[in-house]
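Here is the structure we will look at.
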Amino acid sequence: MEQKKAPRPGVRLDRRAILRLMTAMPAGALFSGTQRASAAPQEIAAKIASQEAPAPYLPKIFNPSEWKTVHVLCDLIIPADERSVSATAAGVPEFIDDWLDFKHGNLLSTIRGGLTWLDMECNRLFGADFIDSTTSQRKQILDRIAYPKKATREDASAVAFFNHFRDLVVNGFFTSEIGIRDLPYLGNEPQSEWRGCPASVLTQLGLVSKSTNS
């Protein structure tokens with residue numbers, strides 16, 4: 001799904017923006033004197049920026065309480081670090097909401113059920129919803145369901161929820177523009193020549209023997 005990008009700071013305008021501006025403003029406003037013309041680029045950029053600023057995202061699947069929990073959970077799975085921003089800054093909650101709106105079915109039921117379980121379990125143990133619990137309390141809950149081999153049978157459904165949710169977060173982040181730069185992903189870029197996969201990588205994957213490579 002194509003996403004509109006807000007214009008970058010500055011006064012550089014593309015052809016579509018210029019045409020839209022010319023139809024929206026009187027000609028005299030653009031060409032009526034040296035002083036007015038010199039101020040026009042900044043005014044034009046500000047006008048277009050205000051017109052193209054994206055509206056706040058309105059979730060299609062999650063209710064307000066679930067939406068807050070999704071944001072908190074996304075950033076616990078992929079927090080900001082010295083390399084990149086957090087999952088929410090990369091638009092992962094929006095990706096998850098849009099994906100679940102498209103998929104529906106059992107996955108949606110699993111995710112919504114898991115979010116409800118988080119609140120119920122936190123209320124049972126700590127007397128507060130997941131988003132209102134402390135950092136250590138959230139960690140205590142997530143440690144129970146983040147490692148399937150260590151989880152109890154009673155937490156099996158919550159483990160399945162967290163596995164699915166974590167997959168969505170990772171997929172959403174590393175298919176975003178920010179996540180692709182974080183990898184770094186080397187595809188979709190012109191190459192002056194193609195040298196193939198490095199021999200050391202092929203050897204590590206077992207596709208070329210060390211004796212052949214040496």
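Derivation of every value follows stated rules applied to the coordinates shown; laboratory data play no part. Everything numeric here is computed off the predicted structure, so don't read it as measured data.
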Query raised in the report: When only Cα pairs under 8 Å and 6 or more residues apart are kept, what is the percent relative contact order across the range 64-182?
Result: 32 percent
Query raised in the report: If you plug each phi of the range 171-183 into the Karplus form 6.51 cos²θ - 1.76 cosθ + 1.60 with θ = phi - 60°, what whole-Hz ³J(HN,Hα) values come out, in order, with x for Gly and Pro?
Result: 5, x, 5, 7, 10, 7, 4, 5, x, 5, 5, 6, 4
Report summary line: Applying the gyration tensor rule to the Cα atoms of the range 82-139 (axes a ≥ b ≥ c; rounded if a/c under 1.5, else prolate if a/b exceeds b/c, else oblate), the class is oblate
Report summary line: Residue separation between CYS197 and TRP67 times 0.36 nm, minus their alpha-carbon distance, gives in nm 42.6 nm
